[in-house]
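Below is one structure; the comments refer to it alone.
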Amino acid sequence: MDVFKEITELRQCLKNYRLQKLSVGLVPTMGYLHEGHLDLIRDSTKQNDITVCSIFVNPVQFNNLEDLNDYPQSIEADLAKLKENGVSIVFMPSTSEMYSIPPETVINFGIKGEIMEGEFRPGHFNGVGLVVFKLFNIVRPDVAYFGQKDLQQLVLIKRMVEDLNFDINIEGIPTKREPDGLAMSSRNAQLNAKERAIAPKLYAALLNGEKMLMDHFSVEEVLSKIDVFFKSNKGIELEYFNVVDVEKFKILDSGHPRVQVALCVAAYIGGVRLIDNIIVEEK
Ligand code: AMP
């Protein structure tokens, strides 16, 4: 396994692989790797000759300095996991390597980037767009892997690739969960024991909402019952709980949806912001 910190070295190595007609999969991460990340890695190593995993805590996508500074890191453990799972190349650039000058280009994903994460984390998707665009240009992968855990990010990147003719397949990988249902996330490590015990309630709320939709409750009824659920659960500070039309990626606020919908949630548990979602099975 090669570990590169510099773009030119990585590009040179990948150029040699491309001359040998080897396929390249890319898995962008911010490190502190868990089994969810490793699912993406394993899909890539199965489907490609070469897997590149990037580890970069991208400051431009953090709208809160404290959140950036608190983001967990564990480089040695990450490298061991990547080696064990057959990764060929790890790319872990410094911030100055990725942003040698402050970027002036702005990535605007349009209307789908303005709701949910876009609304509550201003500038977040511009940062995501910049780093993903840069990684695509640096690595030029055949396939790039993203988790459905960050559903809005996955939707926006798929659309960017289509709109801008990137010659890259985007694979969306299902969310890996802890046995109690909590979606795996590097941020879970920041929860104390009490908060960790509360955290699975986010998934419980999603399942609850799903069941109500399956039982033909209207969107209004679902939202009002979920509202009561969160108000009666101390320790969870809800940012949003939305029913979303997956195809249009639009928030639905009433009626009985006849389209495929996702339920998306974001909440603070203590000082830790968690997000999760499920795609409701079609009726
Ligand atoms: P992150 O390091 O949080 O930026 O995540 C890197 C990639 O892993 C993103 O595409 C995430 O959507 C994906 N990911 C994070 N958590 C999970 C999970 N629990 N299951 C599947 N994919 C995940």
Inset, instruction - Please find, within the stretch 118-149, the residue that is farthest from the ligand (Cβ to nearest atom) out of those that are under 24 Å from V265 (Cα atoms) and in contact with a strand residue (DSSP E or B) (Cβ under 7 Å, 6 or more places away or on another chain). - result: F120
Inset, instruction - Pull up the stretch 35-48, narrow it to residues that are closer than 19 Å to L182 by Cα and either open to solvent by less than 40 Å² (accessible area, probe 1.4 Å) or assigned to a strand (DSSP E or B) (or both), then point me to the one that is farthest from the ligand (Cβ to nearest atom). - result: L38
Inset, instruction - Taking only the stretch 1-21 into account, find how many residues are in contact (Cβ under 8 Å) with a residue 12 or more places away in the chain and either over 20 Å from I170 (Cβ atoms) or within 16 Å of the ligand (Cβ to nearest atom) (or both). - result: 11
Inset, instruction - Look at I278 and say whether it is surrounded by fewer than 18 Cβ atoms within 10 Å (Cβ to Cβ), hydrophobic (A, V, I, L, M, F, W, C) and touching a residue at least 24 places away in the same chain (Cβ under 8 Å). - result: no
Inset, instruction - Give the residue that is surrounded by the fewest Cβ atoms within 10 Å (Cβ to Cβ), with candidates limited to residues of the stretch 79-104 that are touching a helix residue (DSSP H, G or I) at 6+ places or on another chain (Cβ under 7 Å) and of a type in the set (S, T, N, Q). - result: T95
Inset, instruction - Scan P200, P141 and give me the residue that is in contact (Cβ under 8 Å) with a residue 12 or more places away in the chain, farther than 19 Å from F109 by Cα and open to solvent by less than 10 Å² (accessible area, probe 1.4 Å). - result: P141
Inset, instruction - Among the residues of the stretch 211-243, count how many are open to solvent by less than 60 Å² (accessible area, probe 1.4 Å) and touching a strand residue (DSSP E or B) at 6+ places or on another chain (Cβ under 6 Å). - result: 9
Inset, instruction - For the stretch 260-270, state whether one or more residues are farther than 17 Å from I115 by Cα and touching a helix residue (DSSP H, G or I) at 6+ places or on another chain (Cβ under 6 Å). - result: yes
Legend entry - Cβ pairs under 9 Å, 6+ apart, first in the stretch 156-171 and at pLDDT 95 or above, second open to solvent by 40 Å² or more (accessible area, probe 1.4 Å) and hydrophobic (A, V, I, L, M, F, W, C): L156/F109; I157/F109; R159/F109; M160/F109; M160/F133; L164/F133; F166/F133
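Okay, residues lined up against (1) buried (at least 17 other Cβ atoms within 10 Å of the Cβ); (2) outside any helix (DSSP H, G or I):
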site	(1), (2)
K149	yes, no
V155	yes, no
R159	no, no
E162	no, no
D167	no, yes
P179	no, yes
R187	yes, no
E195	yes, no
Legend entry - Test set (1) closer than 19 Å to L154 by Cβ; (2) surrounded by fewer than 18 Cβ atoms within 10 Å (Cβ to Cβ); (3) touching a residue at least 12 places away in the same chain (Cβ under 8 Å) - E114 fails condition number: (3)
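The values are calculated or read from the model by the stated rules, or taken from the named source; none is laboratory data. All of these numbers come straight from a predicted model, not from anything done at the bench. Don't worry about glycine lacking a Cβ; one is built from the backbone with ideal geometry, like all the others, and counts go over all protein chains shown. Each accessible area value is taken on the protein alone, full model and side chains, heavy atoms only, with ligands, DNA and RNA left out. Shrake-Rupley method; radii C 1.70, N 1.55, O 1.52, S 1.80 Å.
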